[in-house]
Structures are given as structure tokens and as C-alpha cells.
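Structure first, then comments.
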Amino acid sequence: MAESMKGLKRTHRCGELSAANAGENVTVMGWVQKQRNKGGLIFVDLRDRAGILQVVFEEKDCGEENFTKAEKLRSEFVVAVTGRVERRAGAEAKNAVNENMATGEIEVRAEQLRILSEAETPPFPIESDSRTKEELRLKYRYLDLRRPDLQEKLMLRSRMSSAVHAFLKEEGFWEIETPILNKSTPEGARDYLVPSRIHPGSFYALPQSPQIFKQLLMCSGYDRYFQIARCFRDEDLRADRQPEFTQIDLEMSFVDMEDVIDVTERMVAKVCEEAIGLKVELPIKRMTWNEAMNRFGSDKPDTRFGMELVDVSKTVEGCGFGVFTGALEAGGSVRGINVKGQAQMPRKKIDALVEFAKGYGVKGLAYLAVQSDGSYKSSFSKFMTEEELKGLVDAMGGEPGDLLLFAADKLKLVWSVLGALRVELAKQLEMLDENVYNFLWVTEFPQFEWSDEEERFVAMHHPFTMPMEEDLDLLESDPGKVRAKAYDIVVNGMELGGGSVRIFQSDVQERMFEALGFSREKAYEQFGFLLDAFKYGVPPHGGLAIGLERFVMQLAKTDNIREVIAFPKVKDASCLMSEAPGTVDEKQLEELHLRVTE
């Protein structure tokens with residue numbers, strides 16, 4: 001039967017005790033990790049968020065009643081123990097010390113035991129590095145959250161958030177909350193909509209970001225704003241994406257790109273050092289978007305390894321291989337990567353890489369292996385002369401033992417497939433050092449990208465991003481060549497966050513909307529309150545947002561975003577524990593003036 005805590009107060013968390021506490025009387029509370037009954041001695045591993053502590057029950061110390069209760073302890077019982085901290089018997093002898101436990105030098109000799117709560121046998125063991133299927137763990141997330149390794153990730157997240165707050169407040173930023181219930185602005189990802197009871201047929205939208213409101217704060221003279229903001233996007237999920245997420249959001253007035261980058265990278269360096277002791281070398285290296293795409297096929301390149309893309313379009317012009325020449329005649333590109341030392345890769349593995357590439361929309365991959373004797377083994381050698389093959393190998397920097405892989409298609413597609421392929425190969429060949437953190441700024445993004453679906457240019461970032469001044473004249477004549485004052489911060493192939501300098505002149509903003517195909521009426525319909533605010537004096541301003549979960553993922557060395565969120569969703573945006581989303585009763589629907597149809 002459960003007992004109360006009346007008269008008891010916890011003096012220490014389990015993991016806080018050490019040999020320095022030897023001789024002290026303490027009261028600890030937590031969950032039973034395991035119980036081992038050795039006859040006259042009962043050993044209990046007691047766990048709380050700070051760690052695990054060994055408690056020893058012996059009848060001469062704790063009395064018959066407490067010893068009898070200790071015999072009944074099972075995994076996940078919640079208990080309070082009062083006792084004396086002692087060095088483990090013969091602690092000078094190495095075999096008495098558990099070096100796998102932070103508290104391995106000591107134990108608590110129990111004098112009193114209270115069982116605060118009994119527990120059924122959990123559906124899986126509560127232990128670090130659990131091998132239990134994630135679906136089962138997420139169904140019982142409240143149990144999963146007891147795992148020490150998961151708790152450490154969430155404690156890391158808390159430390160990082162605290163470091164962000166402290167740094168930005170020291171830099172003169174004010175923390176200001178922006179609304180959760182907003183107006184829908186369908187430019188970008190899909191909104192989550194909330195029906196209004198008071199305004200039938202009208203809907204709020206949950207914020208994809210605080211973008212408009214933080215710009216309004218700059219119009220209001222608040223100068224430096226930040227927020228640890230909750231955001232929502234109704235988009236397809238993947239390992240580093242959730243429907244609701246948190247971002248470190250900031251905005252600054254009377255600044256240009258250099259000012260925003262300076263504050264951001266100093267903040268990142270401070271957080272890394274305080275959270276895990278990582279020293280980030282400043283200033284962080286930079287690379288333009290064009291350079292990143294041409295060298296790595298990605299605007300978030302992983303620079304921990306080479307295997308860079310090589311443009312061989314000119315080398316294969318007029319060759320006999322129709323796949324290459326056909327792509328070039330259609331205005332495309334031929335590019336390759338050199339997988340050093342992998343000429344002997346089995347055909348089965350190469351075929352798997354071809355299938356991987358097809359998943360990105362290309363028809364296949366061409367390969368050429370440079371054998372140790374200098375001869376070539378290739379999927380297309382019969383279509384090219386020996387001289388053409390040698391020219392191609394030379395252009396790729398190929399040497400005996402190398403495997404060369406080529407993609408030929410539209411440039412955007414070639415970038416995409418080779419960018420993904422080099423990362424996949426790096427994983428397979430174990431080239432990624434998780435202890436190396438390569439931070440990088442990617443700058444000079446295109447202002448626009450063409451949408452085949454909408455048959456118009458859309459903003460690569462958002463409609464309020466300032467074009468580079470030297471490209472303003474191209475807004476009407478050649479929008480595809482306009483570069484933006486936009487910047488992303490990347491680490492090890494993951495985009496941590498991004499931002500831009502914002503448009504603050506009304507005439508430039510109107511030209512931007514025109515380039516996006518917005519009529520004046522449509523622009524005011526969606527963003528009227530922001531455009532109206534711009535009539536009353538707006539300072540030059542810029543900002544940035546960093547995805548907190550992605551930042552934590554990197555420092556926690558996990559590739560699963562669900563590991564750094566207390567109660568995450570799965571790939572279909574549902575919660576296995578609470579079973580959200582769910583149906584609601586007819587009365588609620590009536591109040592909201594809604595009807596669900598099949």
C-alpha cells in the first residue's frame with residue numbers, strides 16, 4: 001500500500017551524491033531501477049533525473065518492517081529512502097567500485113523506506129539505448145521519458161534555451177510574445193487552421209513563424225526583439241521535421257546583414273560552449289549559394305568530407321554517349337563525383353546507388369571504375385572512344401582505384417541527386433565524424449524560384465526579403481537572376497536556421513509583389529496591416545530564426561528529431577500516446593458552424 005511523504009523532505013537527488021557526502025544522513029526519492037535480493041542483503045538501484053544510486057537494505061540497519069517492504073520492491077516503484085552515505089565496502093579495492101555509475105564509489109545504507117507508489121510491470125525496460133520499437137515507446141511516452149539518455153537530451157535542450165536567453169538579454173534584446181491565432185497568408189507551407197466560433201465561416205491560422213509581427217515590432221521602435229517561438233506547419237514529416245516546432249527567433253533594427261550574422265554566430269558559439277563545452281571558431285566560414293550548389297549540390301552542404309561535384313559538361317560535348325549529349329542538348333548538365341578508392345565496389349551496391357538516384361527523379365546513374373592497372377570498367381565505355389574516356393577521367397581527377405559516378409539531366413535535378421548521393425556514400429563508407437562540427441554561412445540565395453505548379457516565380461524565402469541593391473534593376477527584366485540578402489546557417493549538412501535583411505521601402509515592396517504576380521489588391525488582402533504600417537516610418541531591419549530542435553539534435557548527436565522533443569508526433573502528424581488528432585462531438589461542430597462530410 002502506498003505511503004505518504006508526511007514529515008519527509010528530499011535532501012539530495014540520487015546522482016548528486018558522491019564520496020564527499022560519506023558519513024551524511026540523507027533522504028533520496030525516485031524510481032526503482034532494479035532490486036537484487038541476496039538473502040540478508042537487498043540491493044536497490046534507485047533512479048531519478050540526476051542519475052542512479054545504490055541503496056543497501058540490511059535488517060540490522062533498517063529493522064524488520066523496512067526490510068520486509070524492501071523485499072516487495074519491483075521495477076518502477078516510487079520510494080523514499082532515508083539512510084547514511086557510505087563508501088562502498090572496501091572502496092579502496094577496485095572491485096567494489098562501479099565505474100559505470102557516477103555514484104559508483106558510494107552507497108546509501110537504508111534506515112527507513114517508504115513506498116510512495118507501486119507500479120505494474122512496464123511494457124518495456126526503462127534503460128538507456130533502448131532497443132524497443134519506437135512506436136511502442138511513443139505510445140507510452142511518459143515511461144520512455146524516464147530513460148536516462150532521453151532525459152539528458154531534454155536537459156541539454158533546457159541548458160541551450162537558458163544560454164540563448166542569457167546571451168540575447170545581455171545583447172539588449174527584449175523578449176516579446178507574438179500571437180498564436182493569426183490570419184492565414186497562404187504563401188509557403190500549408191497553415192493549420194482554427195475555426196472561429198464567434199465569426200462563422202472564418203478561420204485563424206497557427207503561425208508558421210512570427211515573421212510579420214516581428215517586423216511590426218521593428219516598426220514600433222522595439223529595436224531588438226527575440227522569442228523562443230512555437231511554430232506550426234502542415235507539411236509532410238521527415239526525420240528532422242515536426243508539425244509543431246520551436247525556433248529561436250530574433251529581429252534587429254538599423255542593421256544590415258553583417259550585424260545579424262555577427263550576433264547570431266556569437267550566440268551559437270556561446271550556446272555550444274555552455275551546453276557541451278564545444279568551442280566554435282569565429283568568424284564562421286561563408287559560401288555563396290551558387291558555390292554551395294556547384295561544389296556540393298546542396299544549399300546546406302556537409303563539408304566534413306570532400307567528394308565534391310565536378311562539371312564535365314564541356315568534356316563530354318559531342319561524345320558518343322547519347323545520355324550525356326541528350327541532356328546537354330536539352331539545356332541540362334553532366335556532372336560527377338569521385339568516390340576515392342571504391343573501384344572494386346560490388347555491382348550489387350552500385351545497382352543500389354542507381355536505385356537511390358532514381359528516387360530523386362533521374363533515370364539512372366552512369367559509372368566508371370578506374371582499375372588498378374589503369375583500365376576502365378564502365379556502364380557506357382562502348383559508346384565513347386578511349387581518348388574520350390581518358391579525358392573524362394582526367395577531368396574528374398580519377399586515379400587507379402577510383403569509382404566515378406555521373407548524372408545527366410536538368411541542372412537542378414543533377415544538383416539534387418549528386419548532393420544526396422555524396423552524403424549517402426559518406427554514411428555508407430563511414431566518412432562522417434560526429435565529433436566534428438563544421439558550421440557554415442550560405443549567402444546570396446536567389447530571390448525567386450520558378451514554380452511549375454503555379455506557373456510563376458515564388459519567393460525562395462518570403463516576400464519581405466530584400467534583394468541585393470546591385471540586382472534591383474533586374475526585378476522586372478530578369479527576376480531569375482536577382483540575388484537576395486538572405487543567409488542560412490548550416491552545420492554538418494543540416495540547415496540550423498536562416499534569415500534575411502527585410503524590405504523597408506514601400507516602392508521596393510510593391511515591385512517585389514508585382515514580380516511574384518500579386519496584384520495590389522491581393523497584396524493588401526493578405527498583408528495589408530504590414531503594408532499600412534510601412535507608411536508611418538519603418539527602420540532598416542533584418543533578422544533570423546534558428547530551429548531549436550535541429551540545434552539540439554546536432555549537439556546531442558542524434559539524427560531523430562523526436563529524441564529531443566518531450567511529446568513528439570510521428571510521420572502522419574499523430575500522437576501515439578494521446579491519439580491526437582481525434583474526432584469531436586456534434587455539439588462542438590455545431591458551435592463552430594462546421595459539418596464533416598465523407
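The values are calculated or read from the model by the stated rules, or taken from the named source; none is laboratory data. Computed from a predicted structure; not experimentally measured. Ideal geometry is used to build each Cβ from the backbone, glycine not excepted, and the neighbour counts take in all protein chains shown. Just the protein is used for accessible areas: all its heavy atoms, side chains included, with ligands, DNA and RNA removed. Shrake-Rupley method; radii C 1.70, N 1.55, O 1.52, S 1.80 Å.
Here are the numbers for this structure:
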read-out: Qualifying residues in the range 23-45 (those that are more than 20 Å from Leu143 (Cβ to Cβ) and within 43 Å of the chain's Cα centre (by Cα)) - the one surrounded by the fewest Cβ atoms within 10 Å (Cβ to Cβ); value: Arg36
read-out: Tabulated pairs, the range 195-219, first among the basic types (Lys, Arg), second outside any loop (DSSP other than H, G, I, E, B) and open to solvent by 30 Å² or more (accessible area, probe 1.4 Å), C-beta under 6 angstrom, 6+ apart or interchain; value: Arg197/Glu591
read-out: When residues of the range 167-188 are limited to those that are open to solvent by 60 Å² or more (accessible area, probe 1.4 Å) and outside any loop (DSSP other than H, G, I, E, B), the one nearest to Arg230 (Cα to Cα); value: Glu175
read-out: Where Thr68 falls short, out of the listed (1) under 23 Å from Arg49 (Cα atoms); (2) surrounded by fewer than 17 Cβ atoms within 10 Å (Cβ to Cβ); value: (1)
read-out: Hits in the range 256-291 - residues which are open to solvent by 20 Å² or more (accessible area, probe 1.4 Å) and touching a helix residue (DSSP H, G or I) at 6+ places or on another chain (Cβ under 9 Å); value: Arg266, Lys270, Glu273, Glu274, Ile276, Leu278, Lys279, Val280, Glu281, Leu282, Pro283, Arg286
read-out: Residues within the range 189-229 that are among the charged types (D, E, K, R), under 26 Å from the mean Cα position of the chain (by Cα) and surrounded by fewer than 17 Cβ atoms within 10 Å (Cβ to Cβ), tallied; value: 1
read-out: Pair list, Cβ under 9 Å, 6 or more apart: the range 396-416 residue within 14 Å of Asp311 (Cβ to Cβ), other residue of a type in the set (Phe, Trp, Tyr) and part of a loop (DSSP other than H, G, I, E, B); value: Phe406/Phe380; Ala407/Tyr360; Ala408/Phe321
read-out: Pair list, Cβ under 7 Å, 6 or more apart: the range 367-390 residue in contact (Cβ under 8 Å) with a residue 24 or more places away in the chain and more than 19 Å from Val323 (Cα to Cα), other residue among the acidic types (Asp, Glu) and in a loop (DSSP other than H, G, I, E, B); value: Val370/Glu399; Val370/Asp402
read-out: Filter result (in contact (Cβ under 8 Å) with a residue 24 or more places away in the chain, within 21 Å of Pro148 (Cα to Cα) and assigned to a loop (DSSP other than H, G, I, E, B)) within the range 1-28; value: Arg10, Arg13, Leu17, Ser18
read-out: Which numbered condition Phe124 fails, given (1) at pLDDT 95 or above; (2) within 20 Å of Asn37 (Cα to Cα); (3) in a loop (DSSP other than H, G, I, E, B); value: (2)
read-out: Out of Val501, Val490, sole residue that is closer than 30 Å to Asp433 by Cα, crowded, with 22+ Cβ neighbours inside 10 Å, modelled with pLDDT of 90 or more and within 32 Å of the chain's Cα centre (by Cα); value: Val490
read-out: Filtered residues of the range 376-412 (kept if among the hydroxyl-bearing types (Ser, Thr, Tyr) and either open to solvent by 50 Å² or more (accessible area, probe 1.4 Å) or in contact with a Ser or Thr (Cβ under 8 Å, 6 or more places away or on another chain) (or both)); value: Tyr376, Ser379, Thr385
read-out: From Asp585, Asp559, residue being without any contact (Cβ under 8 Å) to a residue 12 or more places away in the chain and either out of contact with any His (no Cβ under 7 Å at 6 or more places or on another chain) or under 24 Å from Glu495 (Cβ atoms) (or both); value: Asp585
read-out: The lone exception for Asn66 - which of (1) farther than 29 Å from Met577 by Cβ; (2) touching a Lys or Arg at 6+ places or on another chain (Cβ under 8 Å) it fails; value: (2)
read-out: Sole exception among (1) buried (at least 16 other Cβ atoms within 10 Å of the Cβ); (2) in contact with a Leu (Cβ under 8 Å, 6 or more places away or on another chain) for Glu105, by number; value: (2)
read-out: From the options Glu579, Glu563, residue that is at pLDDT 90 or above, charged (D, E, K, R) and open to solvent by less than 30 Å² (accessible area, probe 1.4 Å); value: Glu563
read-out: Residue that is of a type outside the set (A, V, I, L, M), open to solvent by less than 20 Å² (accessible area, probe 1.4 Å) and free of Cβ contacts under 8 Å to residues at least 24 places away in the same chain, where the choices are Asp129, Asp48, Asp144; value: Asp144
read-out: Pairs with Cβ under 6 Å, 6+ apart, first in the range 307-322 and within 22 Å of Met293 (Cβ to Cβ), second aromatic (Phe, Trp, Tyr); value: Val316/Phe324
read-out: Among (1) touching a residue at least 60 places away in the same chain (Cβ under 8 Å); (2) over 30 Å from Thr303 (Cα atoms); (3) open to solvent by 10 Å² or more (accessible area, probe 1.4 Å) - the single one Asp532 does not satisfy; value: (1)
